[in-house]
1. Could you tell me how many of the residues in the range B:286-304 are open to solvent by 20 Å² or more (accessible area, probe 1.4 Å) and either in a loop (DSSP other than H, G, I, E, B) or hydrophobic (A, V, I, L, M, F, W, C) (or both)?
2. Report, by residue number, each residue of the range B:350-366 that is part of a strand (DSSP E or B), modelled with pLDDT of 95 or more and within 14 Å of chain A (Cβ to nearest Cβ).
3. Could you grab me the full set of residues in the range B:404-417 that are in contact with a Leu (Cβ under 7 Å, 6 or more places away or on another chain) and closer than 12 Å to B:Ser168 by Cβ?
4. Among the helices (runs of 4 or more DSSP H) lying completely within the range A:112-207, list those that include at least 3 residues that are hydrophobic (A, V, I, L, M, F, W, C).
5. Among the residues in the range B:208-217, are any away from chain A (no Cβ under 14 Å) and either in a loop (DSSP other than H, G, I, E, B) or surrounded by 24 or more Cβ atoms within 10 Å (Cβ to Cβ) (or both)?
6. Filter the range B:236-254 down to the residues that are aliphatic (A, V, I, L, M) and either in contact with a Phe, Trp or Tyr (Cβ under 8 Å, 6 or more places away or on another chain) or assigned to a loop (DSSP other than H, G, I, E, B) (or both) and list them by number.
7. If I ask for residues that are farther than 17 Å from A:Asp274 by Cα, buried (at least 21 other Cβ atoms within 10 Å of the Cβ) and more than 7 Å from chain B (Cβ to nearest Cβ), which ones from the range A:218-237 would you list?
8. Do the conditions hold for B:Arg242, that is, is it closer than 30 Å to A:Asp413 by Cβ, more than 7 Å from every other protein chain (Cβ to nearest Cβ) and either modelled with pLDDT of 95 or more or in contact with a helix residue (DSSP H, G or I) (Cβ under 6 Å, 6 or more places away or on another chain) (or both)?
2 protein chains.
Amino acid sequence: VTRDPLDWLLPLLAIPSISADPARAGDVRAAAELLLELCRTGGLRNVRLLEAPGAHPSVYADWLDVPGRPTVLLYGHYDVQPVIDQSSWSSPAFTPVVRGEAVFGRGASDMKGPLISMLVALESMLAEGPLPVNVKVLLEGEEEIFSPRLRAILQRHRELLRCDMAVSADGSQPLAGTPRVMLGTRGLCDLELIVRGARTDTHSGQYGGAVPNPPQILAELVASMHDADGTVLVDGFYDAVRVPSAVERAQLAPSGWEPLAEAASLELDGFAGDPEWTPWERTTLRPTLELNAIHSGYAADRLMTAIPALAHARISCRLVPGQHPEHVLAAIAAHVRRVAPPLVQIECRPGFASTPAYRTTRQHPASRAVAQVLTELYGREPLDNVDGGTIAALTLIEDELGVETATLGFAGDDENAHGADEFHRVASLARGRAAYRLLLDRLAG
Amino acid sequence: VTRDPLDWLLPLLAIPSISADPARAGDVRAAAELLLELCRTGGLRNVRLLEAPGAHPSVYADWLDVPGRPTVLLYGHYDVQPVIDQSSWSSPAFTPVVRGEAVFGRGASDMKGPLISMLVALESMLAEGPLPVNVKVLLEGEEEIFSPRLRAILQRHRELLRCDMAVSADGSQPLAGTPRVMLGTRGLCDLELIVRGARTDTHSGQYGGAVPNPPQILAELVASMHDADGTVLVDGFYDAVRVPSAVERAQLAPSGWEPLAEAASLELDGFAGDPEWTPWERTTLRPTLELNAIHSGYAADRLMTAIPALAHARISCRLVPGQHPEHVLAAIAAHVRRVAPPLVQIECRPGFASTPAYRTTRQHPASRAVAQVLTELYGREPLDNVDGGTIAALTLIEDELGVETATLGFAGDDENAHGADEFHRVASLARGRAAYRLLLDRLAG
């Protein structure tokens, strides 16, 4: 009898394991405990939570009965994004439901679905006999908040987690056409910028013209960081960037990614940015400095003729190979100091994320095995690919465990990850299970 | 027996006549009805509410028994500012209380206190005999929202309101030293600026570098409107400005306004702005373009790596003589069109206020009479003064009734008008009553 992956997925989706929300810490732990149970049921051993101070726990399990064969670390995360606006969902985000060909619920695509595919693959193989390789499973609870304490967990349990290579199930494949092997991600750093003026909001009739205007000054600071093409004007921002060669650019050019169609899907007439790079390259191979939020004063649709005392902005940078998060933050802070006008206090408060870009190669045994699996499943050779997003674990695993991580996951590009009505295709659950069965065979060599 | 002005003031202060809050429309009307009653009690006649569609009512009353003598329109307003943060008040804003030498409550200083001084002056004179001049009282309910429907009320009742001159009680005097005759105000216009990008917030990992960033673009738009000294870079903004002569500047220079002390009271090391003008001139004689609010994205103290789809800003301009609100708004809209980048939709939505600057002269009979009264009360000749704020009624009365308005009011500069713990000195109530008794005698000629 083959287990239906939905038997395991639906209860997991029902738990709101939102790592960003301190009020949900109990739910995050409940999801970890459910996963412990699933790992045990699936025949894995040494099942336990890995903890670090202040951290949501990681789930660990292993099966190590084939000494002499490689040991593979299988990575996933069970935490999910917040639900900003439940009203834009067709059904409650944490009441998972199968509609048509898909299962709907927060985390279905990112990545409780792909994670369950991986676990049911192990379960089905263990039900049949020994695995072809040794396996260690690591399921993180803080990926969606950029893994602030995963390094501490890896350091505390370095011996336990020692392995020859790693594979992450946190990946996607195109809906149709040629599959892809994910060979890297962008990094991330972020900061809050705060401008303080007079001790209190002031009346613009009494003081307008003489009191410094914090939102205006903040707007000028932010504006000074880009030229009209969106090129970042912060001294040193691009210094360490390893510029990809023409060969790499050609190799990484995606198939079936039509800029105009992609822009139209967002109701845009085209894409912005540096014309020396294709729109796709701008979102994957080039670094960014983005304003994610700016706030000052009362509601913008009301008239309140005050000069606000305070203005806040949040900036984040997507980083490419060569760039160090700390150097980039220091360059931004130096830029702010250089252009800061007098009379106001400006604070550059480093943020939550600090992750360099990640790269692995098609030649690495794990990526070679992933490519073989994809060729087998899709009937054609996969393309190389890098992703514009950020998965902190990839860098942390390399730093602390000394191994590279390949990626094999079947989220769909259209499955509304991080958005409303997130879903995962039921067929992708089966494909994921088949893929992981094939993968372990290939990794056995 | 002399009436205590507090008998009338305290019940009026207890009514939250906040014109900006639609939910308070009933309270605004209740305050108007209380004033009708006070006018009747005080011996005024023809007491009634003046209405216009959508308007908070104005209170009208008159006494016209000395034909051949001048008719003076006495202006005040009974609406008050909102209470943004009751927690920063020492006592409930609408539970008036006398503590020490002052009465505390929203509107005490701006301007229910000065308004009651004017009414008790009329009451006390009418109790003694005929007034020396004909009087028409006009008490507005929309001053704090820039009098959007006062023009309609003046037009509907032009005959009723016909007069030879006007005096507003909405004015202030310094706490010590030389009194001042208020000869003008700045005008005001405002707008909302909205930038729309993609149809929804987008993931900065997936799209960062190619999707236009509305808050960034809004910051650049706002930044493009000023140079480093705060000079406005909008073409045409200064075109019509009547630049004051050196003589006027010398005449209007305030006594006892120390820029460094004034800045220090706001916890600033000095004032910003164009060094060709003194800080005081920047707040009264020069126009401004101020960013009052800017909002986009989630909380700035959280990490949410999205590119917001929408960004809003509110801008208001304080205007000086020569500038037309509509021309200034049109110049800003043209500037925005000129510098707007492609791919985003930018909307310039005209706002709530549209008031040119106001000027009267020391030579006008009403201002001459005000100056005489101040000389008598303070024992020294008053200085000329203009105010950086905006009182729409002054312009509207000139436009619709063809008369200039002098100002005689005794709010203190430190009485927290528009702020928490607003108060009015009890002594200023008596001074206001004495001043209006003197004023009517002087106006009789």
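1. Residues in the range B:286-304 being open to solvent by 20 Å² or more (accessible area, probe 1.4 Å) and either in a loop (DSSP other than H, G, I, E, B) or hydrophobic (A, V, I, L, M, F, W, C) (or both): 8 in total.
2. The answer is B:Thr355, B:Tyr358.
3. Matches in the range B:404-417: B:Thr405, B:Leu408.
4. So the answer is A:113-128, A:150-156.
5. Scanning the range B:208-217 turns up no residue that is away from chain A (no Cβ under 14 Å) and either in a loop (DSSP other than H, G, I, E, B) or surrounded by 24 or more Cβ atoms within 10 Å (Cβ to Cβ) (or both).
6. Scanning the range B:236-254 gives B:Ala240, B:Val241, B:Val243, B:Ala253.
7. A:Leu218, A:Leu221
8. No; evaluated as a whole, the condition is false for this residue.
The values are calculated or read from the model by the stated rules, or taken from the named source; none is laboratory data. What you see is a predicted model, and the numbers here were worked out from it, not measured in a lab. Positions of Cβ are backbone-derived with ideal geometry, glycine not excepted, and every protein chain shown enters the neighbour counts. With ligands, DNA and RNA removed, areas are computed over all heavy atoms of the protein, side chains included. Shrake-Rupley method; radii C 1.70, N 1.55, O 1.52, S 1.80 Å.
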